[in-house]
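A.B. asks: Quick one: structure below, then a few questions.
The values are calculated or read from the model by the stated rules, or taken from the named source; none is laboratory data. Since the structure is predicted, the reported quantities are computational estimates derived from the model, not experimental observations. Positions of Cβ are generated from backbone atoms using ideal geometry, with glycine treated the same way; all protein chains shown enter the neighbour counts.
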Amino acid sequence: MSEETPPAGAGPSLAAIEALARRGEFDEARRSGVQLLAAARPGSIEAAEIENLLGGIAFEQGKTDEAEAHFEQAIRTARALGHAVLVARAANNLASIAHLRGKLTLATSLYESALAVFEAIESNPGEAQACHNLAMLSRDAGNCEEASGYAERAVRAARRSGDFALEGLTLSGRAETALRRGAYEAARADVDQARRLARRAKDGLGLAEASRLAGAIALAQGNPAEALREARLGYRRASGYGALQIATECADLAARSCRLLHRPGLGRRYYRTAIEGYRSLGATPALKRLTATLGG
């Protein structure tokens with residue numbers, strides 16, 4: 001991709017839009033992406049790249065139906081042009097929607113096919129993302145040993161990539177796997193390092209995710225007051241960026257913490273926020289878990 005300065009009056013570049021999205025400026029990134037897509041030649045790789053990026057932005061904002069449509073269009077165009085790498089990237093993204101909706105067989109197939117392509121071309125960022133996602137899937141299936149293997153691969157690949165935000169994401173994933181195993185000290189060490197990397201990368205969403213995990217660890221260790229503090233910090237950060245999934249997960253954690261702290265008023269507010277968030281996301285498995293835990 002060219003890094004030349006665009007001429008005066010030219011629209012935003014794909015790289016500039018990606019930078020906006022990574023800073024959490026999703027509304028501006030979406031507007032710029034729509035503008036760039038309108039100027040792109042239909043059926044081109046450029047158009048497919050923009051569709052994939054717009055899908056990622058929509059996903060972060062919790063607009064899963066819109067994200068799904070963008071990813072599917074990116075796959076159709078990339079497949080028609082024989083661009084296997086872009087097919088893999090969009091499929092990896094589409095799998096995250098399937099996972100969120102509880103379609104685990106589809107998600108597994110998409111993640112594994114994407115990983116095979118990334119391995120073949122020796123793409124460290126691609127391998128890191130796919131392995132991170134497969135670790136989440138394995139955790140949700142109750143297979144912590146398999147999840148640990150994928151999480152370790154994700155961290156190693158992210159470190160090879162030199163992307164601090166990506167490394168922080170994979171460390172957060174490894175921390176969640178350690179938490180599921182009851183390895184609290186290892187989980188906390190990974191979260192602390194993920195926070196440092198997120199600050200270094202100026203990754204606000206990474207900081208929000210680290211707060212959520214720190215809160216989850218505190219709750220597991222019997223400290224609901226610390227869990228609530230971290231959950232509220234993560235919720236404020238994620239909400240400020242319009243990142244619905246992380247904000248919803250933080251609200252879920254806050255509601256469960258309030259139950260243990262005997263703060264029913266605040267707990268009900270976070271519970272309702274989490275319920276609405278999961279419904280908007282179409283996250284049926286998470287919605288069922290929350291209602292089973294807290295009722296209502």
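A.B. asks: Which residue out of ARG268, ARG199, ARG188, ARG256 is within 30 Å of LEU20 (Cβ to Cβ) and either part of a helix (DSSP H, G or I) or modelled with pLDDT under 95 (or both)?
C.D. replies: Result of the check over ARG268, ARG199, ARG188, ARG256: ARG199.
A.B. asks: Would you tally the residues in the range 137-155 being buried (at least 16 other Cβ atoms within 10 Å of the Cβ) and of a type in the set (D, E, K, R)?
C.D. replies: So the answer is 4.
A.B. asks: Then there is this: Evaluate the following for ARG236: is it basic (Lys, Arg), surrounded by fewer than 19 Cβ atoms within 10 Å (Cβ to Cβ) and under 23 Å from GLY55 (Cα atoms)?
C.D. replies: no
A.B. asks: Also: Out of LEU106, LEU179, I need the residue that is outside the structural domain of GLY282 (by TED's automatic domain parsing), assigned to a helix (DSSP H, G or I) and buried (at least 21 other Cβ atoms within 10 Å of the Cβ). Which one?
C.D. replies: Checking each option against the conditions leaves just LEU179.
A.B. asks: In the range 31-45, which residues are touching a residue at least 24 places away in the same chain (Cβ under 8 Å) and surrounded by 15 or more Cβ atoms within 10 Å (Cβ to Cβ)?
C.D. replies: Across the range 31-45, the qualifying residues are GLY33, LEU36, ILE45.
A.B. asks: All but one of (1) more than 15 Å from the chain's Cα centre (by Cα); (2) surrounded by 19 or more Cβ atoms within 10 Å (Cβ to Cβ); (3) of a type outside the set (A, V, I, L, M) hold for GLU72, so report the exception by its number.
C.D. replies: (2)
A.B. asks: I would also like to ask the following. Residues ARG212, ARG229, ARG199: which one is in contact with a helix residue (DSSP H, G or I) (Cβ under 6 Å, 6 or more places away or on another chain) and of a type outside the set (A, V, I, L, M, F, W, C)?
C.D. replies: ARG212
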